[in-house]
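Chemist: One structure follows; several queries about it will come next.
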């Protein structure tokens, strides 16, 4: 019973934190666009988050459970739990120091490190591929943001332009939510799926990822609750604490981030939507001159990202070694 409750508590906390970090960032960027109703931005995100895995599958969730370490071995569920806990601790510590970072990157490092420490086989080739794609995605978002920002200045003005841009924003925002649902958001599906398997079967190994409408509805509700608790702080940072944005900036940044994340999804590799959004915004604003970018905010986030992987992996190894001694 204690094992089941531990997994359930970690899964619920993880979804809440994902909402507070990722959900608030996505909704905040949507609300940076004039005349976008808050309820519509939130409704689009949770609707697509619920439906996305049913439409486009759970390939990225399987990467977390199958592509990092041999979690199908005896003790794999405990290693997975330890890696997720380590990720939460690292992200909480960095965020508490004013360095928002990637929860996805922390989960990858935590699971791989815990697997290594516990003596499970680590898929080094797969891990390297995931990290390489994860590093390239923000660069792609940055480049796309710069190109789209440059192109947006050449868009001719007209009386219909505000309405057309608003409609384009809603389409781009929905596509961005879909990109999150089939990529970065699937870390939550992986965690909840493993927790439910442990609670139902008491298994020590990580089994196949599956989705079901009942618990997906609970997941989405917890995610939204987490997002709403931090929206004024986290959402406000996007476009104000990092860079200055305008309507076409927001539209271009959304499109850039969506392109980078969907490309990674096609390869089955998890990447950070928050990183991609940030890179897209920076690229768009940099297209109007580097002085418009608030580089201190970029430097703070970059420092946190560089610290996240080694720290989560090192702590994961210690946790895995502890599991071997139990």
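The values are calculated or read from the model by the stated rules, or taken from the named source; none is laboratory data. Nothing here was measured: the structure is a model prediction, and the numbers come from that model. Don't worry about glycine lacking a Cβ; one is built from the backbone with ideal geometry, like all the others, and counts go over all protein chains shown.
Chemist: Could you tell me which residue of region 307-323 is surrounded by the most Cβ atoms within 10 Å (Cβ to Cβ), considering only residues that are touching a helix residue (DSSP H, G or I) at 6+ places or on another chain (Cβ under 6 Å) and closer than 9 Å to residue 117 by Cβ?
Modeler: Top of the filtered list is 316.
Chemist: Now for a separate question. Checking residue 325 against (1) over 21 Å from residue 28 (Cβ atoms); (2) touching a strand residue (DSSP E or B) at 6+ places or on another chain (Cβ under 9 Å): exactly one of these is not met. Which one?
Modeler: Every condition holds for residue 325 apart from (2).
Chemist: Kindly indicate whether any position in region 232-240 is in a helix (DSSP H, G or I), buried (at least 22 other Cβ atoms within 10 Å of the Cβ), at pLDDT 75 or above and at negative phi.
Modeler: no
Chemist: Any residue in region 267-290 that is free of Cβ contacts under 8 Å to residues at least 40 places away in the same chain sitting within a Cβ distance under 6 Å of a residue that is surrounded by 24 or more Cβ atoms within 10 Å (Cβ to Cβ) and part of a helix (DSSP H, G or I)? List the pairs, counting only those 6 or more apart or interchain.
Modeler: Close Cβ pairs satisfying both conditions: none exist.
Chemist: Follow-up. Conditions: (1) touching a helix residue (DSSP H, G or I) at 6+ places or on another chain (Cβ under 8 Å); (2) modelled with pLDDT under 85; (3) surrounded by fewer than 24 Cβ atoms within 10 Å (Cβ to Cβ); (4) not in a loop (DSSP other than H, G, I, E, B). Residue 203 meets all but one. Number of the miss?
Modeler: Every condition holds for residue 203 apart from (4).
Chemist: Out of 116, 131, which single residue is in contact with a strand residue (DSSP E or B) (Cβ under 7 Å, 6 or more places away or on another chain) and over 16 Å from residue 190 (Cβ atoms)?
Modeler: One residue alone meets the criteria, 116.
Chemist: Can I ask one more? Let me confirm something: among 165, 218, 171, 198, which residue is free of Cβ contacts under 8 Å to residues at least 24 places away in the same chain, outside any loop (DSSP other than H, G, I, E, B) and either over 29 Å from residue 79 (Cβ atoms) or more than 23 Å from the chain's Cα centre (by Cα) (or both)?
Modeler: Selected residue: 171, the only one of 165, 218, 171, 198 that is free of Cβ contacts under 8 Å to residues at least 24 places away in the same chain, outside any loop (DSSP other than H, G, I, E, B) and either over 29 Å from residue 79 (Cβ atoms) or more than 23 Å from the chain's Cα centre (by Cα) (or both).
Chemist: A further question on this structure: Do you know which of the residues in region 267-297 that are under 30 Å from residue 113 (Cβ atoms) and in contact with a strand residue (DSSP E or B) (Cβ under 8 Å, 6 or more places away or on another chain) is modelled with the highest pLDDT?
Modeler: Filtering first and then ranking leaves 282.
Each row is one residue, and each column tells you yes or no for (1) buried (at least 24 other Cβ atoms within 10 Å of the Cβ); (2) modelled with pLDDT under 85.
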{"residue": "35", "(1), (2)": "no, yes"}
{"residue": "46", "(1), (2)": "no, no"}
{"residue": "68", "(1), (2)": "yes, no"}
{"residue": "79", "(1), (2)": "yes, no"}
{"residue": "99", "(1), (2)": "no, yes"}
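Chemist: Assess whether residue 116 counts as being touching a helix residue (DSSP H, G or I) at 6+ places or on another chain (Cβ under 9 Å) and at pLDDT below 90.
Modeler: The answer is no for residue 116.
Chemist: If you don't mind, there's one more thing I want to ask. Which numbered condition in (1) assigned to a helix (DSSP H, G or I); (2) more than 28 Å from residue 249 (Cβ to Cβ); (3) touching a residue at least 40 places away in the same chain (Cβ under 8 Å) is the only one that residue 128 fails?
Modeler: (3)
Chemist: Just give me the residues in region 81-96 being touching a residue at least 40 places away in the same chain (Cβ under 8 Å) and over 18 Å from the mean Cα position of the chain (by Cα), in sequence order.
Modeler: The answer is 81, 82.
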